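Heads up: the structure comes next, in structure tokens.
The values are calculated or read from the model by the stated rules, or taken from the named source; none is laboratory data. This structure is a prediction, so every number in the text was calculated from the model and none was measured. Positions of Cβ are backbone-derived with ideal geometry, glycine not excepted, and every protein chain shown enters the neighbour counts. Ligands, DNA and RNA are excluded from the accessible area calculation, which covers all protein heavy atoms including side chains. Shrake-Rupley method; radii C 1.70, N 1.55, O 1.52, S 1.80 Å.
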Amino acid sequence: MHPYPHYVNPHLGELLAQVNMDKQYVKAKDQYLYDQDGNRYLDFIAAYGALPLGHNPEVIWQALEEIRTKAEPNFVQPSYLEAAGKLAERLITLAGNQLRYVTFTNSGAETVEAAIKMARAATGRFKILSTKNSFHGKTLAALSATGNPNYQTEFFAPLPGFTHIPFGDLEALEATLAEDPEGYAAFIVEPIQGEGGINVPPPGYLRAAKEICSQYGVLFVVDEIQTGLGRTGVLFASAAEVEPDIMLLAKALGGGLVPIGACLASATAYTEAFGLKHSSTFAGNAMGCRAGLAILDYMAADNWRLLREVQEKGEFLLAGFREIQARYPEVITDVRGRGFMIGLEFNLDREDYPDSLLGIMAEQGMLTPVISSYLLNCEKLRVAPTLNGHAVVRIEPPLIVTKEDCQYALEAVERVASLIHRKDTAGLVRHLAPQPEQVQPVPPRPIRPKVEVSPAQSEEGRFAFLVHPLELRNYVDFDGSLRAFSKEQLDHLVSRFSELMEPFVIATTRIKSPTGASAYGEFIVVPHTAKQLSTMPREQAVEHVKRAVLLAKDNGAQIVGLGAYTSVVTRGGWDVRNLGVAVTTGNSYTVVSAVEAAIAALDRLGRSLDKVTTAVVGATGAIGRAVSLLLAEQVPQLILIGNPQRPKQAERRLREISHEICQRIAEARFTGVEFPATSLASHLLQMPLFPTGEPGQNGYGTFLQTLGTNGSPLVLTTDADKYLPKADLIIVATNSVEELIAPTMLKHGCVVCDLSRPANVSHQVKEERPDVLVIDGGVVQVPGQPIWNFDFGFEDGVAYACMSETFMLALEKRYENISLGVNLDLETLLLMRTLAKKHGFRLAGLRSFDRPLSEEAWQRVWEAQRQTS
């Protein structure tokens, strides 16, 4: 491992690695960087404006070499600092008449800190006003002035006394100061918000803001740390409108080699208390100040020719980007900035990208990092998103770039805009997959039109249902451009992106009951495959599900259904039951519908449930246990199969379930229930050692020990290979993501009902065993034929039973935790059967391997069974 992520910042290191921005640059000169493989990159970030002359500029190195040659002292506080005095004089001369004194610092954030102290000392006031979405640094006071809570919460910022108002809003400034006319020491503002997304204020804003501040005795502080020293084509971006009370400089002042900042202050702002009580060991050092003098000399050469060129090339870039925007208006929604400080906004509308990961990336702030990664790896152009404006890519090249460099950047951005316009996700992320040269862009598949769903009404039930990609092909089902990748490439990409993505709403729908009740709901995606959820640490998987449940709650859901592995990893919903919203696994109705599907399949084949030996694979799970309890009263022999990977745990759990079966049979007999003569229940009751006392007595354990295996009506085992070939009907309900049922394991003519998602029955069964009928359990026809607005494998109006349980509970407005854990309540199963009948939910036409069973498919099964019987 590289020492940077190992010893410096593992979290940032991981993020950089996930988007292939973990480059190791070994050489830098002017506007170019070179990696260890010799690749050259055009740098259009310039350290966020800190490289005015690019990398390793000769003029700055010469100034530093002169220090060494002359043996000039570097750190000599306190004394008359020669270089500091000269640089201060130069800056004050250039900055205007009002500014008189310079306090040197070592960074932009430290410069902001100095300004805050200075303003409080000068005014005797406590409060500091700044703008929302601003950025002023990450030390504690500078962070408090920064108008973005995302950077503050963990550090208990903002500190008391800091207030934020909208950028560019003079009315808000006036109103805030008027509320406390003696409270504010300073208003700190950027001429152009940099990290906020390259936001340019309305014309005249700075001038008017200064006038308002003057009326209230508030010092006007202009943060020129990123805009200053030529970045916008003029020396100071604010100079055309205003002379501030305090001006802040840093970044470019060090010429790209030495950290240095400067706080320029008027005589009013600079006090004796500040001058004598504020100091810094390294501030005003000779190296930083000589670099500052050298950069100012370079800029001033030939009557400030460099700044005129920045204006000219900046206008060329802006015009070029705006032409690209005109060609791709849905991709680049805005182009803004001045000089070499330009922002490209990629604020895609999810509605324009309904079946593309691009829309989701944009919604979650991931698109601009991926665009930056594409430009870096494929176009060798280095750009970066702004920190606060997640939809904005910054263009901040060194001031020395050529017009040819600018043209190259325009062409690279044109190519990325074209990829996004074509909805070619694969083309945009191909560099993140192994062997990217093998990826060929493919045209997008036809998009099924979305149906507008009106907002939720107050009288409606409210639900959400959590879904996730069961397997890799689900990503291709959603975004057809991903067909360009091999399974290995797609697996690699999914592993990269799943940890970066947050849960998101993929679709909305409305369920209407024949009773007149209706329910509005959202489908929320947990962006992890079943394999990922099953292999990651359980605490991590639970956290992903919790975030999805909380998103559902925030969006107004009153009950949340847990689909597929979101139920498994939360222990049947147990770990998310106390988040302030009701949850259900939907397992109760899954059991009911599975038994109905098995009976329907047997009926179609002319067979009866009371004449088939039945095996339950995954009998120790919630669904398998409940199915076993129901079937014990109907089938003649029941084989309960537990997990062979955990034999001791499985055997203990199987004994518990068999004890429940016996107890339920005893309770039913005690109340006068008669069982079919051929049923397992009747067989057990006739066995000599079956307890004859009242329900609840001990003795089942002893009785169960007398049961054998061969010929026993109730078999407990973990050996699927041995016992599955004996079963006429197999119910599969495991938590495994693997294909467990192979063609050789099945009895001739058996029926397999696979409830597991991903499916546990191998596709080879379909190809090699035409005599075997495999049906998908838990598939339900929903009343009113609702539109799903996303593709989870079913046509509109058909849903999984677990989904349908959530729908029914929302229709009933029955907002309680239900069907949780591994011990499903039989009364709840009966309730779901009743609610299904009430609201018109019924078994859908039988399906096999996610496709409806056609008449031809039934004929093939019948023919195969006749030929080999």
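In Å², what does the accessible area per residue of the chain work out to with a 1.4 Å probe?
Result: 42 Å² per residue.
Taking every DSSP beta bridge with both residues inside the chain, roughly what % is antiparallel (nearest 5)?
Of the beta bridges lying entirely in the chain, close to 45 percent run antiparallel.
When N counts the residues of segment 151-268, how does its alpha-carbon radius of gyration compare numerically with 2.2 N^0.38 Å, as a ratio?
Normalised Cα radius of gyration, segment 151-268: 1.10.
Please name which of MET341, ALA362, ASN388 has its Cα lying farthest along the dipole of the chain towards the positive end, using unit charges on Cβ (Lys, Arg +1; Asp, Glu -1) and the Cα centre as origin.
After comparing all options, I get ALA362.
Using +1 on the beta carbon of Lys and Arg, -1 on that of Asp and Glu, and nothing else charged, what's the dipole of segment 420-568 about the Cα centre, debye to 20?
Computed charge dipole of segment 420-568: roughly 300 debye.
State the Kirkwood hydrodynamic radius of segment 1-53 in Å, one decimal place, computed from all pairs of distinct Cα atoms.
That comes to 12.3 Å for segment 1-53.
Determine the sum of side-chain charges near VAL581: Lys and Arg each +1, Asp and Glu each -1, restricted to other residues whose C-beta is under 12 angstrom from that of VAL581.
That works out to +2.
Evaluate E = 1/(1 + (r/R0)^6) for ASN9 and GLN663, where r is the Cβ-Cβ distance and R0 equals 41 Å; express this FRET efficiency to the nearest 0.05.
It comes out at approximately 0.10.
Which of the aspartates and glutamates could a cross-linker span from LYS766 if the Cα-Cα distance has to be under 15 Å and same-chain partners fewer than 8 positions apart are dropped?
Result set, ordered by chain and number: GLU739, ASP754, ASP776, ASP850, GLU856, GLU863.
Two decimals, Cα atoms only, Kirkwood Rh: what is Rg/Rh over segment 510-636?
Using only Cα positions, Rg/Rh for segment 510-636 is 1.06.
What pairs in LYS611/LYS747; LYS29/LYS403; LYS512/LYS838; LYS23/LYS531; LYS813/LYS838 have C-alpha atoms more than 21 Å from each other?
Pairs exceeding 21 Å: LYS23/LYS531.
Treating cross-link reach as a plain straight distance, find the aspartates and glutamates whose alpha-carbon is under 17 Å from the alpha-carbon of LYS837, omitting any fewer than eight places away in the same chain.
GLU596, GLU805, GLU812, GLU827
Take the eigenvalues of the Cα gyration tensor for segment 481-546, scale each by 5, and report the square roots as semi-axes in whole Å, largest first.
31, 17, 10
At q = 0.17 Å⁻¹, what log₁₀ I(q)/I(0) does segment 381-535 have when each alpha carbon counts as one equal point scatterer in the Debye sum?
The computed values of log10 I(q)/I(0) come out as -1.16.
Would you mind getting the Kirkwood hydrodynamic radius of segment 218-325 from its Cα pairs, rounded to one decimal in Å?
For segment 218-325, inverting the mean 1/r across all distinct Cα pairs yields 15.7 Å.
With label points built 7 Å along Cα→Cβ from the Cα atoms of ARG538 and ARG207, find their separation and express it in nm.
6.8 nm
So how strong a dipole does the chain carry about its Cα centre when Lys and Arg Cβ are +1 and Asp and Glu Cβ are -1, to the nearest 20 debye?
Using only the charged Cβ atoms, the result is roughly 1320 debye.
How many nm separate the modelled label positions at LEU140 and ALA600, each set 7 Å beyond the Cα in the direction of the Cβ?
Spacing of the two 7 Å Cα→Cβ label points: 6.6 nm.
Stokes-Einstein D for segment 84-146 at 37 °C, 0.692 mPa s, Kirkwood Rh over Cα pairs, in µm²/s?
Calculated translational D: 251 µm²/s.
In deg cm²/dmol, rounded to 500, what helix-only [θ] at 222 nm does the chain give when every DSSP H run of at least 4 residues adds -39500 (n - 2.57) and the total is split over its residues?
-11500 deg cm²/dmol
Express the C-alpha Rg of segment 9-118 as a ratio against the empirical globular expectation 2.2 N^0.38 Å, rounded to two decimals.
1.44
In debye, nearest 20: dipole of segment 152-261 around its Cα centre with unit charges on the Cβ of K, R (+) and D, E (-)?
Result for segment 152-261 is approximately 500 debye, rounded to the nearest 20.
Put +1 on the Cβ of each Lys and Arg and -1 on the Cβ of each Asp and Glu in the chain; which of SER854, THR828, ASN555 then has its Cα farthest toward the positive end of the dipole?
So the residue furthest toward the plus end is THR828.
Measure nothing but the geometry: give the 0 to 90° angle between the long axis through the Cα atoms of 286-327 and the longest principal axis through the Cα atoms of the chain, rounded to 10°.
50 degrees
If you average the alpha carbon positions of segment 205-260 and of segment 727-742, how far apart do those two centres end up, in angstrom?
69 Å
Between VAL451 and ARG308, what FRET efficiency comes out of the Förster formula 1/(1 + (r/R0)^6) with R0 = 56 Å and r the beta carbon distance, rounded to 0.05?
0.50
Can you compute the modelled spin-label distance between ASN823 and GLU272, with each label point 7 Å from Cα toward Cβ, in nm?
8.1 nm
Output needed for segment 770-851: three equivalent-ellipsoid semi-axes, defined as square roots of 5 times the C-alpha gyration tensor eigenvalues, in descending order, whole Å.
Sorted largest first and rounded, they come to 23, 17, 12 Å.
Can you give the percent of C-alpha pairs in segment 311-399 whose distance is more than 21 Å?
Taking all Cα-Cα pairs of segment 311-399, the fraction more than 21 Å apart is 29 percent.
What fraction of the Cα pairs in segment 568-627, stated in percent, has a spacing above 15 angstrom?
61 percent
Residue by residue through segment 545-555, which ³J(HN,Hα) values in whole Hz follow from phi under the Karplus form 6.51 cos²θ - 1.76 cosθ + 1.60 (θ = phi - 60°), with glycine and proline marked x?
Running phi through 6.51 cos²θ - 1.76 cosθ + 1.60 with θ = phi - 60° gives 5, 4, 4, 5, 5, 5, 4, 4, 4, 4, 7 Hz.
Tell me, how many Å apart are the Cα centres for segment 316-381 and for segment 119-198?
Distance between centres, Cα-based: 29 Å.
How about LYS27: which lysines have a C-alpha closer than 16 Å to its C-alpha, ignoring those fewer than 8 places off in the same chain?
LYS380
When the convex hull of the Cα atoms of the chain is projected onto a plane and the area is averaged over all directions, what value comes out in nm²?
Projected area, direction-averaged: 43.8 nm².
Probe radius 1.4 Å, ligands and nucleic acids ignored: give me the carbon and sulfur share of the accessible area of the chain as a rounded percent.
51 percent
When all alpha-carbon pairs of segment 63-175 are counted, what percent fall beyond 21 Å?
That tail contains 54 percent of the Cα-Cα pairs.
Calculate the all-directions average of the projected area of segment 62-113's alpha-carbon convex hull, and give it in nm².
4.8 nm²
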